[in-house]
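Structure, as structure tokens:
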Amino acid sequence: MGVEIQVNNLTKRFGSQTIWEDVSLTLPAGEISVMLGPSGTGKSVFLKCLIGLLKPNNGSIIIDGKDIVTIKERELYEVRKLFGVLFQDGALFGSQNLYDNIAFPLREHTKKKESEIKRIVLEKMEMTGLAGAEKKLPGEISGGMRKRAGLARALVLDPEILLFDEPDSGLDPVRTAYLNQLIVDLNAEIKATFLIVTHDIATARSVPDNIGLLYRRHLAMFGPREMLLSSNEPVVRQFLNGQRQGPIGMAEEKDAGELAAEAATGEELGKLPPIPEQLPTSDGRLRETQRKPGSWLIEHGVVPPAGSFAGLGVEGLPEAQPGQPTGWTGDEPPTRGASSHGSGSAPARPLRSRIDGAEEPKEPAPVEADGADDRTAVLPRAPRKRAARTTDGGGVDVLEDEAPAARPAAKSTAARRRGSS
């Protein structure tokens, strides 16, 4: 079974640039969670903090009873053995064939005999659909095969936590669908805790048990899949439905002028689309941690969008009454333990995003670490000016650290002569 991850009041800065602050969530053991957000909001930075590659400025990350923010390096090394990571491009060694790439963690971190390594490598290659490709080099295979080879390598140490950094980047829709099915089947088989960072809305709507959204240096919301897919919160609704109308603009957020112009045209967020069926395993089974369709909506009396769960015959779904809105309004956050499978580890409540039409200050003061905000407050915070960021040209969330210190000025010719005399 996977391991639960508790993130409490986490803040990360690079110099004066705040990436995100006061992030709190629980990744339930054995479940699939997805983290979304516009480019540059620090999703990949969040993954690096979870595995201990980056140190947050404030907060804690509790994994297997240990706070990886404060433990010693030797203890952190042991905690990292719980992880498997699928990088964006697979991160394979180009000069080694797939067999040696996948065997690398076993040869580096264990003292297993070569016969045992061979058994494990071939088992993971079979599991990821790569049987017979042992001798191929990374340059001789497709992007989808490289992703699966990277996934096979992440599995060889039998991790209890699997992190996926943009697993669908560079893949066509058909290969993405195959990869999504593979992720679901793997979770059902190894029962590890999965966290997927992605921009693919189809993946976010159909694969995970839980969804989170980073926006404006905060966690806008995190909770069960049906809660976010039925949410009327503007940022969540706009992003998950891929709509142009809403607070998110080309440069992450729209300013007050853009929002006012949009309101003047009468354009509104489109209707909530139907909630699709959550992807089952290849043989049609629900995973142990997978909730029954409509269970969260029924428990909390939320009217789903019209056409939700079409063809599944879900009974007991709330029906719209006069004056009752469709979807979840967020006025009464759900209580802990709402999941129908009885794990008691479902995220306790969503985090409201900070949205209003106030104009941003021209010269914002540097952001300091503040205390925990009132997460159940109905009134949102005033928007903040987003942190400056750079990208690597491929949409990857990479934020630069402080500029390196300037080199000392070279001595003048006269000074060099005096020094040598």
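Taken together, the values in this text are just the output of simple stated rules run on the coordinates, not laboratory data. Just so it is clear, the model here is predicted, and its values are computed rather than measured. Reconstructed Cβ throughout: ideal geometry from the backbone, glycine too, with neighbour counts over all protein chains shown.
Distance from the Cα centroid of region 6-69 to that of region 105-120 is 32 Å (rounded to whole angstrom). Would you mind checking the pairs Lys72/Lys111; Lys113/Lys135; Lys111/Lys135; Lys135/Lys191 and listing those with alpha carbons more than 27 angstrom apart? Where the Cα-Cα span goes over 27 Å, the pairs concerned are Lys135/Lys191. In this label model, Arg244 and Lys271 are separated by 2.1 nm, measuring between points 7 Å along each Cα→Cβ vector.
Report the FRET efficiency, 1/(1 + (r/R0)^6), for Gln6 and Ser282, where r is their Cβ-Cβ distance and R0 is 45 Å, rounded to 0.05.
E between Gln6 and Ser282, to the nearest 0.05, is 0.90.
List the lysines whose alpha-carbon lies under 17 Å from that of Lys292, not counting same-chain residues fewer than 8 positions away? Reachable lysines: none.
Stretched out straight at 0.36 nm per residue, the stretch from Tyr77 to Ser95 would grow longer than its current Cα-Cα span by 3.7 nm. Placing pseudo-labels 7 Å out from each Cα toward the beta carbon at Val174 and Glu140 gives an inter-label distance of 2.3 nm. Considering only the other residues whose Cβ falls under 13 Å of the Cβ of Gln278, what net charge follows from Lys and Arg at +1 and Asp and Glu at -1? So the surrounding residues net to +2.
Within a Cβ distance under 11 Å of Ala91, other residues only, what is the Lys/Arg minus Asp/Glu net charge? Show your work: numbers first, answer last.
Numbers: positive: Arg146, Lys147, Arg153; negative: Asp89, Asp165.
Net local charge, Ala91 excluded: +1.
With the charge dipole of region 1-150 set up from +1 on Lys and Arg Cβ and -1 on Asp and Glu Cβ about the Cα centre, the Cα lying farthest toward the positive end among the listed residues Ala91, Leu47, Ile71 is that of Ala91. A Förster distance of 30 Å, applied to the separation of the beta-carbon atoms of Arg119 and Leu312, puts the FRET efficiency at 0.15. Annotation: region 1-138 has a Kirkwood hydrodynamic radius of 17.3 angstrom, from the mean reciprocal C-alpha pair distance. Rounded, prolate or oblate: which fits region 177-248, taking a ≥ b ≥ c as square roots of the Cα gyration tensor eigenvalues, rounded meaning a/c under 1.5, else prolate when a/b beats b/c? Prolate, because a/c is 1.5 or more and a/b exceeds b/c.
Find the relative contact order for region 58-170 and round it to a whole percent, using C-alpha pairs within less than 8 Å whose residues are 6+ positions apart.
Once normalised by length, the contact order is 42 percent.
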